[in-house]
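Values in this text are rule-based calculations from the coordinates and carry no lab data. Note that the structure is predicted; figures quoted are calculated from it, not measured. All Cβ positions, even for glycine, are placed from backbone atoms using ideal geometry, and neighbour counts span all protein chains on display.
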Number of protein chains: 2
Amino acid sequence: MAKVSKKKLIIEHSGKSFSELGYELTSLESVAKKCGITKSAIYYHFKDKAALYKAVVCPEFTALAQKIEEYTQTGNAVQRLNAYIHTFGEFLISNPDFSAIFAREIANGSKTIPDECIEQLSRTIKQLAKILHAGISERVFEEESPFLIQMMIVTPLISCHTTKSLRERVANFTQSETLPLEPEFENIIELLSKKIIKGLQC
Amino acid sequence: MAKVSKKKLIIEHSGKSFSELGYELTSLESVAKKCGITKSAIYYHFKDKAALYKAVVCPEFTALAQKIEEYTQTGNAVQRLNAYIHTFGEFLISNPDFSAIFAREIANGSKTIPDECIEQLSRTIKQLAKILHAGISERVFEEESPFLIQMMIVTPLISCHTTKSLRERVANFTQSETLPLEPEFENIIELLSKKIIKGLQC
DNA sequence: ATAATTTTACCTACCGTTCAGTAAGGAGAA
DNA sequence: TTCTCCTTACTGAACGGTAGGTAAAATTAT
């Protein structure tokens, strides 16, 4: 065997399924089928469904936190906040699977996110808090809760993919009206970043 | 029967369950139990599970669209946008069940939202588009996609309840740090409204 | 041979759905 | 009044299907 470990295969395919169907509707049998193995083989590698989910989700949160810390160290507060939004945004936009899983978790009360992931998430918000604090020192930002700013950044970006078909359906009802309402935004990250930074400035 | 109709009871209890557990995890048997009837009684009143879900969700969307149109007719563009955000926000904040269902739908690709609801949703965004257009005429707003603004308004508000426990867990990792990060925002609607309007102004 | 991996066969539990049946009550005719 | 007929509102049992999970045998790799 050209050692493509089955474990990785399982993580890949189940990740896709978790993102497309959600945790509950993802059946291990269908995942096994896609991997070309049986359901029991999954149970050899993972204790249970929840453990598999963890194995899918944790590395993603870690990679995100890593990137955030890497790219938001230099420059003034405005530049750093811009970098924060862009780094977060590009990670979400270019990882639609992770985005979808994150969206479901948020809608779900985040009950199934393990503490390990929460810790990674807290790394990013700590970084955001630092940037906002720097902005206050530089007298360019008004004081505001980092959680609120985080939500203003993350939730629209996360929903960007998941609301696509919703926007299209809504557009079907509005397209005959006066205003042309395009349901797609090419450069949502830049648009959002500009608006949030402007909204935050003194 | 002089008593409260069972049909309403079913809608109430299932609505709570749909919002707490989601569509899939809501079992009709548990709903029936809470209503003090049998599962079959639900099938007497509703064709199937999907029809019950519709009966729960449609009136809410209609009520929302109604209120939006009612409260955003008068004033200048800034006042009307402020009214739009407040009306939408207060509806969501004071209807956490609807909020949770909406959040799940967004995370889920909105596959289970009936067209009837989409139409109601399009009413609200048409109204938003009008307001933004008025703002451009008044030379106070920059041109921007109504869909983007809608997302900036709706997704943070919707996630406000559902992220509560997430924020608390994240705060547990950050509270010992330099910045005190409060996971609660009392007046999120007003905060959000101010920032979005500022971000949109010329 | 031994350890790692995977399959076969199976269990239990639950879910949405259907369906036959029934108690209660009103409408209309006798 | 009383008998018949029909409707409303519901029950209980069962069905087909699928899900997560497990024990043990079989296969493969070292």
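Placing a pseudo-label 7 Å from each Cα along the Cα-to-Cβ vector at residue A:30 and residue B:190 gives an inter-label distance of 4.7 nm. Starting from the label point of residue A:48 at 7 Å along Cα→Cβ, the same points in the other copies fall at 3.1 nm, in ascending order. Basic side chains Lys and Arg get +1 at the Cβ, acidic Asp and Glu get -1 at the Cβ, and with that the dipole of the protein assembly as shown about its Cα centre reaches some 1280 debye.
Between residue A:90 and residue A:142, the distance separating the two model label sites (each 7 Å from Cα on the Cα→Cβ line) works out to 3.1 nm. Rounded to the nearest 20 debye, the dipole size of chain A about its Cα centre is 760 debye, using +1 on the Cβ of Lys and Arg and -1 on the Cβ of Asp and Glu.
Given a Förster distance of 45 angstrom, what is the FRET efficiency for residue A:175 paired with residue A:44, based on the Cβ-Cβ distance and rounded to 0.05? Provide the component values of the computation, followed by the final result.
Working: r = 52 Å, r/R0 = 1.16.
Calculated value: 0.30.
Based on alpha-carbon positions alone, could you give the equivalent ellipsoid semi-axes of the protein assembly as shown from the gyration tensor, as √(5λ), descending, whole Å? Can you show the working numbers first?
Working: eigenvalues 225, 196, 75 Å².
Equivalent ellipsoid semi-axes, largest first: 34, 31, 19 Å.
Extension gain for the segment residue A:5 to residue A:69, taken as residue separation times 0.36 nm less the Cα-Cα distance, is 19.9 nm to one decimal. Once the gyration tensor of the Cα atoms in the stretch B:75-157 is diagonalised, the equivalent ellipsoid follows with semi-axes of 25, 14, 11 Å, ordered largest first. For chain A, the longest principal axis of the C-alpha atoms and the axis of helix A:188-200 are separated by about 40°. For residue B:141, nonlocal amide neighbours, meaning residues 5 or more places apart or on other chains whose placed amide H falls under 5 Å from its own, are B:136, B:202.
Each 10 Å bin from zero up to the one holding the largest Cα-Cα distance in chain B carries the following percent of pairs: 8, 30, 29, 21, 11, 2, 0.
For residue B:21, the point set 7 Å out from Cα toward Cβ sits 1.9 nm from its twins in the other copies, listed from shortest up. Listed by chain and number, the lysines placed with their C-alpha closer than 29 angstrom to that of residue B:195 are A:67, A:126, A:130, A:164, A:194, A:195, A:198, B:67, B:126, B:130, B:164; residues fewer than eight positions away on the same chain are left out.
I'd like the distance between the alpha-carbon centres of the stretch B:34-70 and the stretch A:84-113, rounded to an integer number of Å. The distance from the Cα centre of the stretch B:34-70 to that of the stretch A:84-113 comes to 30 Å. The other copies place their residue A:94 label points at 4.5 nm from this one, listed shortest first, where each point is 7 Å from Cα along Cα→Cβ. Relative to the longest principal axis of the Cα atoms of chain B, helix B:49-71 runs at roughly 30 degrees.
Compared with the dominant principal axis of the Cα atoms in chain A, helix A:6-21 is inclined by about 60°.
Over the residues of the protein assembly as shown, the helix contribution to mean residue ellipticity at 222 nm works out to -24000 deg cm²/dmol, using -39500 (n - 2.57) for each DSSP H run of at least 4. Computed from backbone phi with θ = phi - 60° and the Karplus coefficients 6.51, -1.76 and 1.60, the 3J(HN,Hα) list for the stretch B:90-98 is 5, 4, 5, 5, 8, 10, x, 5, 5 Hz; x is used for glycine and proline.
I'd like the distance between the alpha-carbon centres of the stretch A:118-169 and the stretch B:142-159, rounded to an integer number of Å. Measuring centre to centre over Cα atoms gives 14 Å. Normalised by the number of residues in chain B, the mean separation of alpha-carbon contacts (under 8 Å, six or more apart) gives a relative contact order of 21 percent. Here the Gaussian network model covers chain B, with springs between Cα atoms less than 10 Å apart; of B:120, B:175, B:79, B:175 fluctuates the most. Based on Cα contacts under 8 Å between residues 6+ apart, the stretch A:83-202 shows a relative contact order of 36 percent.
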